Amino acid sequence: MLKYVGKRLIQGLLLLALFLALLYLLLEAQPGDITQQLIANPQLPPEAQTMLRERLGLDQPLLGRTFNYVVNFFQGDLGLSFTQYPNTVGQLILERLPRTITLFLTATLLSYYLGFSLGKIMAWKRGRSFETALTLGGVAGYTVFYPWFAILMLWLFGFALNWFPLGKFIDVQEWTGAAVTANQLFIQLLVTAFIASFAVLAIHIVSRRLSSEDLGGRVRSIGTPLVIVAYVLFWWFNPNRVLVGDLLHHTALPVITLSMVNFAGVMLLTRSSMLETLREDYILTARAKGLSERSIRDDHAARNALLPVVTSLVLALSFVIGGGILTEGIFSWPGLGQMLLNATLLEDLPLATGTLGIIGILALTGHIIADVVYMYLDPRIRTSQ
Amino acid sequence: MADILTAPPVQPGEAPESILQEPLWKIRLRLTRRSIAANWKLFVSHKIGLIGLGVIGVFAVMAISHPILMSTVWDPAVYHPVTGYHAVKVDKLVVDVVNDPTTEVDLTTAQIQSNPFIEVGDTLSIPQQPAPPSLGVRAGIDRNGVEVSASHILGTDPLGRDVLSQLLYSTRAAFFLGMIAAVVTVFIATAIGSISAYFGGWIDTVLMRFADLILLVPLLPVLIVVSALFQISLPLLGLLIGLLGGFGGTAIILKSQALQVSVKPFIDAARIAGGGHAHLIFRHIVPNVLPLSFLYMMFTVTDAIALEATLSFLGLLSIPMSWGIMINVAQSQGYFLSGTDYWWLLIPAGLAVSLLAASFFLVGRAMDEVVNPRLRQR
């Protein structure tokens with residue numbers, strides 16, 4: 001298994017290098033010449049122009065320039081932003097990266113969890129009006145014009161009902177004089193969330209190893225809520241409770257909107273995948289054994305229906321990332337996507353390409369994770385070594 | 001089969017063509033017609049596909065009606081989707097304290113806007129844009145200030161242009177884009193999938209790794225950055241979506257189908273009969289992959305419509321008018337959160353994108369059940 005993961009990582013790095021090279025070639029292929037902006041200042045004497053050209057590495061052939069770009073990217077040097085001059089692209093991206101990862105991660109996990117749970121029930125109740133209604137809702141969610149949907153959500157929940165703020169990351173008034181910055185607090189929030197989810201994971205793994213099935217179930221049903229309660233209590237009695245609440249208040253609506261749209265696709269896919277597994281012989285066997293409906297559905301059918309859904313994660317990544325960018329743009333939520341949009345509109349090319357490169361890395365990471373999860377879930381691959 | 005080959009038993013020594021009493025193309029045509037009829041029956045048994053087809057039909061009528069209306073009923077100076085202009089005049093009563101802003105205006109505003117000698121109780125006619133939808137003909141002024149009457153069933157946009165005309169015009173653009181993207185995607189994906197499955201080996205490896213690379217790249221951010229670097233028109237966008245789709249995910253799916261076909265006995269038979277590579281691929285493998293290709297054509301149209309609307313919503317394309325641009329205008333002119341008050345600016349365009357995309361998706365789903373026998377309900 002480790003060997004497979006290592007192989008995927010090396011492949012991923014190669015793909016990334018190729019992607020970055022293509023990105024640079026795209027820059028070179030644009031009409032006009034971006035480098036002339038820097039060099040061809042008529043007030044510079046010709047010697048200075050030559051010197052500048054050499055210092056920027058522009059005297060090298062195309063292949064050398066591409067190689068330089070890729071190497072610089074891997075070293076974390078993404079250049080300077082045109083529009084926010086003294087800042088490097090790397091600094092700007094680092095500031096916003098945690099937020100975007102959070103948005104993508106929570107929306108993906110939420111939509112997959114809900115979509116899978118509902119999808120399997122839909123397949124189970126095929127032909128009833130419940131299923132028809134959900135299918136229609138799913139198709140509507142899957143094909144709705146996303147920016148429009150997000151605007152309507154913002155209008156309904158942010159403006160008409162006034163449940164959520166209209167955008168941005170924090171409410172500035174509440175943060176004046178605060179001892180921590182929004183980013184510090186946000187990262188603390190993330191780290192504790194990770195610790196909590198690892199605790200839940202550990203409880204699950206340990207409880208499955210326990211000798212008796214009954215005891216394991218009890219450990220799970222007590223342990224998981226305990227961790228969640230502990231997590232909530234930790235932040236409830238934290239001195240920064242109000243500020244954390246403000247962060248969550250601003251994060252909620254973008255996450256909900258993005259999840260709602262992604263969830264529809266997962267639900268439809270789970271349904272059709274489930275319908276295929278339900279026709280297998282082992283389901284008939286399970287029925288003949290007299291197992292309960294719930295056991296057949298969850299333990300026999302849904303487990304096998306999960307595989308194509310995980311595969312779809314790879315295809316859906318592009319969808320999630322696109323949706324995330326639009327979400328950030330519409331809710332003016334300062335993440336990577338909003339930065340990409342702004343940089344594009346302002347023609348800040350180093351920032352735009354740098355952000356796109358980082359988004360490519362995010363997609364690649366998601367791709368590899370989905371592959372590994374798939375491998376872990378499919379015993380035919382897991383045990384084949 | 002008996003009614004296809006209505007021919008006397010084969011005599012030894014006779015050439016096979018001569019035993020057929022009618023030309024080969026007629027038989028082929030009849031076979032095709034019969035298989036279409038059978039598939040149509042299957043397709044019709046799914047209501048969702050029919051609903052989708054119906055909606056597409058309505059949109060097609062909308063697309064055709066725009067040029068006809070423009071050349072007959074609609075005056076281009078008023079109704080042109082981009083350059084038309086008509087400010088509907090609304091009579092408002094001048095009052096001291098405004099209770100109902102749709103019919104009343106306060107004295108100070110009236111004095112500033114029209115003449116300083118106006119008094120309470122007078123009526124003032126104010127050019128209004130955006131104007132709300134109404135079925136009747138309304139008086140107003142055109143771009144040069146000349147009095148013109150016109151009706152705006154879906155109202156006018158913040159720049160005084162007819163929303164219905166924009167909606168109809170954009171339908172044509174959406175169909176045009178969807179068609180280019182779908183045809184390019186299917187053409188490339190079918191060719192790549194068949195060639196990759198037929199030859200295998202290093203050709204397969206190169207093409208499929210390339211498909212992996214394209215699949216990996218998130219489409220929307222790439223198109224956003226590309227639109228910053230290049231001017232993207234509608235045909236170019238269709239071509240781009242088609243290329244990225246055709247070399248990416250669709251090629252992988254069609255390849256797996258072509259792989260199933262390429263190991264069938266009739267391929268071996270054709271090879272032994274002396275068929276070359278091109279003959280085997282394009283006469284034997286491609287026709288068997290085509291049904292699935294058509295299916296993915298539908299899904300490509302869905303994606304293309306949504307992508308175009310998204311990019312033009314962001315204001316990144318150089319095209320005159322589209323549903324995305326209509327929403328972009330409403331947003332950039334400050335009607336972003338207007339909600340129900342200015343519903344005709346946001347709802348028709350957004351609904352049109354969603355509906356057309358959904359109907360192609362539904363047709364695709366229904367076709368899926370025709371093409372994949374495994375999915376049919378017991």
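The values are calculated or read from the model by the stated rules, or taken from the named source; none is laboratory data. Since the structure is predicted, the reported quantities are computational estimates derived from the model, not experimental observations. Quick reminder, even Gly has a Cβ in these numbers, built from the backbone with ideal geometry, and neighbours come from all protein chains shown.
Going residue by residue through region A:7-16, is there one that turns out to be within 20 Å of A:D348 (Cα to Cα), in contact (Cβ under 8 Å) with a residue 24 or more places away in the chain and part of a helix (DSSP H, G or I)?
Taking every residue of region A:7-16 in turn, none turns out to be within 20 Å of A:D348 (Cα to Cα), in contact (Cβ under 8 Å) with a residue 24 or more places away in the chain and part of a helix (DSSP H, G or I).
Any idea which of (1) under 25 Å from A:P86 (Cβ atoms); (2) of a type in the set (S, T, N, Q); (3) surrounded by 17 or more Cβ atoms within 10 Å (Cβ to Cβ) is the one A:S332 doesn't satisfy?
(3)
Give the residues of region A:124-134 that are more than 12 Å from chain B (Cβ to nearest Cβ) and either hydroxyl-bearing (S, T, Y) or within 16 Å of A:I296 (Cβ to Cβ) (or both), sorted by residue number.
Selection gives A:W124, A:K125, A:S129.
Quick test for you: out of B:W323, B:W344, pick the one residue that is touching an Asp or Glu at 6+ places or on another chain (Cβ under 9 Å) and either at the interface with chain A (Cβ under 9 Å from one of its Cβ atoms) or of a type in the set (S, T, N, Q) (or both).
After applying the criteria, what remains is B:W323.
Here is a list of conditions, (1) over 30 Å from B:V225 (Cβ atoms); (2) within 11 Å of another protein chain (Cβ to nearest Cβ), and B:N328 meets all of them except one; can you say which number that is?
Going through (1) over 30 Å from B:V225 (Cβ atoms); (2) within 11 Å of another protein chain (Cβ to nearest Cβ) one by one, B:N328 breaks only (1).
Scan region A:274-299 residue by residue and report those that are at pLDDT below 85 and closer than 21 Å to A:G137 by Cα.
Matches in region A:274-299: A:L275 only.
Taking region A:303-318 on its own, how many of its residues are closer than 30 Å to B:A306 by Cα, touching a Ser or Thr at 6+ places or on another chain (Cβ under 9 Å) and away from chain B (no Cβ under 12 Å)?
Matching residues across region A:303-318 total 6.
Please work out which residue is surrounded by the fewest Cβ atoms within 10 Å (Cβ to Cβ), limiting yourself to region A:75-93 and to residues that are within 22 Å of A:L16 (Cβ to Cβ) and without any contact (Cβ under 8 Å) to a residue 40 or more places away in the chain.
This residue is A:Q75.
Tell me, yes or no, whether region A:130-150 has at least one residue that is under 24 Å from B:G324 (Cβ atoms), surrounded by fewer than 23 Cβ atoms within 10 Å (Cβ to Cβ) and at pLDDT 90 or above.
There is at least one residue in region A:130-150 that is under 24 Å from B:G324 (Cβ atoms), surrounded by fewer than 23 Cβ atoms within 10 Å (Cβ to Cβ) and at pLDDT 90 or above.
Confirm whether B:L337 is at pLDDT below 85, outside any helix (DSSP H, G or I) and closer than 16 Å to A:G329 by Cβ.
Yes; evaluated as a whole, the condition is true for this residue.
Would a scan of region A:168-175 turn up a residue that is surrounded by fewer than 17 Cβ atoms within 10 Å (Cβ to Cβ) and within 20 Å of the chain's Cα centre (by Cα)?
Scanning region A:168-175, I find at least one residue that is surrounded by fewer than 17 Cβ atoms within 10 Å (Cβ to Cβ) and within 20 Å of the chain's Cα centre (by Cα), so the answer is yes.
Against the definition (within 11 Å of chain B (Cβ to nearest Cβ) and either without any contact (Cβ under 8 Å) to a residue 24 or more places away in the chain or surrounded by fewer than 15 Cβ atoms within 10 Å (Cβ to Cβ) (or both)), how does A:A352 come out, yes or no?
On the way: within 11 Å of chain B (Cβ to nearest Cβ): yes; either without any contact (Cβ under 8 Å) to a residue 24 or more places away in the chain or surrounded by fewer than 15 Cβ atoms within 10 Å (Cβ to Cβ) (or both): yes.
So A:A352 passes the test.
Could you figure out which of (1) more than 14 Å from chain B (Cβ to nearest Cβ); (2) closer than 25 Å to B:L311 by Cα isn't true of A:P147?
(1)
Going by what's in this entry, would A:T102 be described as part of a helix (DSSP H, G or I), free of Cβ contacts under 8 Å to residues at least 12 places away in the same chain and out of contact with any strand residue (DSSP E or B) (no Cβ under 7 Å at 6 or more places or on another chain)? Full working, then the answer.
Numbers: part of a helix (DSSP H, G or I): yes; free of Cβ contacts under 8 Å to residues at least 12 places away in the same chain: no; out of contact with any strand residue (DSSP E or B) (no Cβ under 7 Å at 6 or more places or on another chain): yes.
The answer is no for A:T102.
So which pairs qualify, if the first residue must be in region A:226-249 and over 14 Å from A:D171 (Cβ atoms), the second must be surrounded by 14 or more Cβ atoms within 10 Å (Cβ to Cβ) and of a type in the set (S, T, N, Q), the Cβ gap must be under 7 Å, and the two must be at least 6 apart or on different chains?
A:Y231/A:T192; A:F234/A:T192
If you scan region A:350-376, which residues turn out to be β-branched (V, I, T) and farther than 16 Å from A:L18 by Cα?
A:T355, A:I368, A:I369, A:V372, A:V373
Output the number of residues of region A:151-167 satisfying the condition of being more than 22 Å from the chain's Cα centre (by Cα) and either facing chain B (nearest Cβ under 8 Å) or loosely packed, with under 15 Cβ neighbours inside 10 Å (or both).
10
Kindly state which strands (runs of 3 or more DSSP E) lie completely within region B:113-180 and contain at least 1 residues that are crowded, with 22+ Cβ neighbours inside 10 Å and in contact with a His (Cβ under 8 Å, 6 or more places away or on another chain).
Those strands (runs of 3 or more DSSP E) span B:137-141.
Can you name every residue in region A:135-144 that is more than 8 Å from chain B (Cβ to nearest Cβ) and touching a Gly at 6+ places or on another chain (Cβ under 7 Å)?
Those that are more than 8 Å from chain B (Cβ to nearest Cβ) and touching a Gly at 6+ places or on another chain (Cβ under 7 Å): none in region A:135-144.
I need a count of the residues in region B:142-187 that are of a type in the set (V, I, T) and touching a Phe, Trp or Tyr at 6+ places or on another chain (Cβ under 9 Å).
The initial filter retains those residues of region B:142-187 that are of a type in the set (V, I, T), namely B:146, B:148, B:153, B:156, B:163, B:171, B:180, B:183-186.
After this cut, where a residue has to be touching a Phe, Trp or Tyr at 6+ places or on another chain (Cβ under 9 Å) as well, the list is B:156, B:163, B:171, B:185-186.
So the count comes out to 5.
So which residues in region A:319-349 are under 22 Å from A:Y142 (Cβ atoms) and within 11 Å of chain B (Cβ to nearest Cβ)?
Residues satisfying the conditions are A:F319, A:V320, A:I321, A:G322, A:G323, A:G324, A:I325, A:L326, A:G329, A:I330, A:G337.
Output the number of the condition that A:L27 fails; it satisfies all remaining conditions of (1) at pLDDT 85 or above; (2) out of contact with any Phe, Trp or Tyr (no Cβ under 6 Å at 6 or more places or on another chain); (3) surrounded by 15 or more Cβ atoms within 10 Å (Cβ to Cβ).
If we test A:L27 against (1) at pLDDT 85 or above; (2) out of contact with any Phe, Trp or Tyr (no Cβ under 6 Å at 6 or more places or on another chain); (3) surrounded by 15 or more Cβ atoms within 10 Å (Cβ to Cβ), just (1) comes out false.
Specify the residue that is modelled with the lowest pLDDT; the eligible residues are those in region B:216-247 that are in contact with a helix residue (DSSP H, G or I) (Cβ under 7 Å, 6 or more places away or on another chain) and over 16 Å from B:L307 (Cα atoms).
B:L216
Just the residues that are of a type in the set (S, T, Y) and either under 15 Å from A:H367 (Cβ atoms) or more than 13 Å from chain A (Cβ to nearest Cβ) (or both), please, taken from region B:186-222.
If the condition is that a residue be of a type in the set (S, T, Y) and either under 15 Å from A:H367 (Cβ atoms) or more than 13 Å from chain A (Cβ to nearest Cβ) (or both), then B:T190, B:S194, B:S196, B:Y198 are the ones that fit.
Any chance region A:209-216 includes a residue that's surrounded by 13 or more Cβ atoms within 10 Å (Cβ to Cβ), in contact (Cβ under 8 Å) with a residue 12 or more places away in the chain, within 30 Å of A:L226 (Cβ to Cβ) and not β-branched (V, I, T)?
Checked region A:209-216: no residue is surrounded by 13 or more Cβ atoms within 10 Å (Cβ to Cβ), in contact (Cβ under 8 Å) with a residue 12 or more places away in the chain, within 30 Å of A:L226 (Cβ to Cβ) and not β-branched (V, I, T).
Within region B:92-136, can you find the residues that are free of Cβ contacts under 8 Å to residues at least 12 places away in the same chain and among the hydrophobic types (A, V, I, L, M, F, W, C)?
Selection gives B:V97, B:V98, B:I112, B:F117.
Filter region A:190-214 down to the residues that are part of a helix (DSSP H, G or I) and either hydroxyl-bearing (S, T, Y) or touching a Cys at 6+ places or on another chain (Cβ under 8 Å) (or both) and list them by number. I'd like the intermediate steps shown before the answer.
Of the residues in region A:190-214, the ones part of a helix (DSSP H, G or I) are A:190-209, A:213-214.
If the condition is that a residue be part of a helix (DSSP H, G or I) and either hydroxyl-bearing (S, T, Y) or touching a Cys at 6+ places or on another chain (Cβ under 8 Å) (or both), then A:T192, A:S197, A:S207 are the ones that fit.
Does region A:55-68 contain any residue that is part of a helix (DSSP H, G or I), within 14 Å of chain B (Cβ to nearest Cβ) and touching a residue at least 40 places away in the same chain (Cβ under 8 Å)?
If we filter region A:55-68 for residues that are part of a helix (DSSP H, G or I), which is where we start, we get A:55, A:62-68.
Filter once more, keeping what is within 14 Å of chain B (Cβ to nearest Cβ): none.
Within region A:55-68 (the criterion being part of a helix (DSSP H, G or I), within 14 Å of chain B (Cβ to nearest Cβ) and touching a residue at least 40 places away in the same chain (Cβ under 8 Å)), the answer is no, since none of the residues qualifies.
Restricting to region A:259-302, and then to whatever is in a loop (DSSP other than H, G, I, E, B) and within 14 Å of chain B (Cβ to nearest Cβ), can you tell me which residue is farthest from B:G364 (Cα to Cα)?
Residue satisfying both the conditions and the ranking: A:E280.
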